[in-house]
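Asks: Mind having a look at this structure? Questions to follow.
The values are calculated or read from the model by the stated rules, or taken from the named source; none is laboratory data. On a predicted model such as this, the values are computed, not experimentally measured, just so you know. Reconstructed Cβ throughout: ideal geometry from the backbone, glycine too, with neighbour counts over all protein chains shown. Accessible surface is based on the protein model in full, side chains and every heavy atom, while ligands, DNA and RNA are left aside. Shrake-Rupley method; radii C 1.70, N 1.55, O 1.52, S 1.80 Å.
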Amino acid sequence: MVAVSNLTRTFVDDAGSFDVIRDASFEVDRGEMVSLVGVSGAGKTTLLQILGGLDKPTSGEVRINDQSLSAMSASQLAAFRNLRLGFVFQFHHLLPDFTALENVIIPGMIAGKSNQECIARGRELLDLLGLTRQGTHYPSELSGGERQRVALARSLFNGPALILADEPTGNLDKKNGQLLLELFQKANRELKQTFLVATHNAELIHGMHRTIYIEDGKIVSK
Ligand SMILES: Nc1ncnc2c1ncn2[C@@H]1O[C@H](COP(=O)(O)OP(=O)(O)OP(=O)(O)O)[C@@H](O)[C@H]1O
Ligand SMILES: [Mg+2]
């Protein structure tokens, strides 16, 4: 479902040019939970940004659901990101002036779904993630773990082909990290949700199906 072939990303600065991703190729199947592991600076975030259509590779190709990201126009890519991809970051990036429920339904509003449909789906996702009571809370009225679960609910909203997560437990304590992993696993079991998760968290790595290792921008085993 995800096919990355011969991906290279070169950054140029005053010191010269530097290959942050070097000839990376790998695949992720539908329904797989894959962790992306490597030391700080190895290129994990850069790779996820390219897979998410937020950055462009210098060369090589990313195909998701058999569609090439580089073949899409800017508006096609924006629609693809909204409908087919979900993002969970280290910091939740919830909008502070919107309630938990409103934050969750934003991807549906962007996709042009009706208010009624959005609210029903939003409530269902909040229930699924154990946040029934917190729908009316603003992000400042949620715990760190609850904010991350709202971010997960938002990422699941449009039934994405792939969820990309970058250090999703980086800001959570052990208990909330474990809970987030269990919810990833529940989404995988019940929705066959596919995940690619960059992380240093040993329990998260252990709870996934497979690990892709990255070292100095190269995929060293998969
Ligand atoms: N916009 C940029 N311009 C130049 N170099 C960059 C840019 N973005 C990232 N880099 C460099 O690319 C390398 C990989 O960075 P990246 O953020 O992908 O690492 P990472 O594996 O996510 O690390 P961490 O675990 O610390 O988050 C680093 O050496 C970084 O300095
Ligand atoms: Mg990173």
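Asks: If you take the residues in the range 160-205 that are part of a helix (DSSP H, G or I) and within 16 Å of ligand 2 (Cβ to nearest atom), which one is most open to solvent (accessible area, probe 1.4 Å)?
Replies: Here the answer is I205.
Asks: While we're looking at this one, here's another question. Please count how many residues of the range 191-219 are free of Cβ contacts under 8 Å to residues at least 40 places away in the same chain and out of contact with any Gly (no Cβ under 7 Å at 6 or more places or on another chain).
Replies: Qualifying residue count for the region: 3.
Asks: Quick one: would you say S155 is open to solvent by 40 Å² or more (accessible area, probe 1.4 Å), touching a residue at least 24 places away in the same chain (Cβ under 8 Å) and either of a type outside the set (S, T, Y) or assigned to a helix (DSSP H, G or I) (or both)?
Replies: Answer is no for this residue.
Asks: In addition: Could you run through the range 98-138 and say how many residues are surrounded by 18 or more Cβ atoms within 10 Å (Cβ to Cβ) and acidic (D, E)?
Replies: Final tally of qualifying residues: 1.
Asks: Quickly run through the range 6-21 and pick out the residues that are open to solvent by 80 Å² or more (accessible area, probe 1.4 Å) and part of a strand (DSSP E or B).
Replies: N6, F11, V12, D13, S17, F18 - these are the residues of the range 6-21 that are open to solvent by 80 Å² or more (accessible area, probe 1.4 Å) and part of a strand (DSSP E or B).
Quick grid of which residues meet (1) free of Cβ contacts under 8 Å to residues at least 24 places away in the same chain; (2) among the β-branched types (V, I, T):
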| site | (1), (2) |
| --- | --- |
| A15 | yes, no |
| S35 | no, no |
| Q49 | yes, no |
| G52 | no, no |
| I64 | no, yes |
| M72 | yes, no |
| Q76 | yes, no |
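Asks: Still on this structure, I have one more. L95 is checked against (1) open to solvent by 70 Å² or more (accessible area, probe 1.4 Å); (2) outside any loop (DSSP other than H, G, I, E, B) and fails just one. What number does that condition carry?
Replies: So L95 meets the others, but not (2).
Asks: Select from the range 79-92 the residues that are part of a loop (DSSP other than H, G, I, E, B) and surrounded by fewer than 18 Cβ atoms within 10 Å (Cβ to Cβ) and list them in ascending order.
Replies: Within the range 79-92, Q90, F91 qualify.
Asks: So which residues in the range 44-78 are open to solvent by 50 Å² or more (accessible area, probe 1.4 Å) and either part of a helix (DSSP H, G or I) or within 16 Å of ligand 1 (Cβ to nearest atom) (or both), if there are any at all?
Replies: Correct list: T45, Q49, L54, K56, T58, S70, A71, A74, S75, Q76.
Asks: So, in the range 22-42, of the ones that are part of a strand (DSSP E or B) and among the polar types (S, T, N, Q), which residue ends up least open to solvent (accessible area, probe 1.4 Å)?
Replies: This residue is S35.
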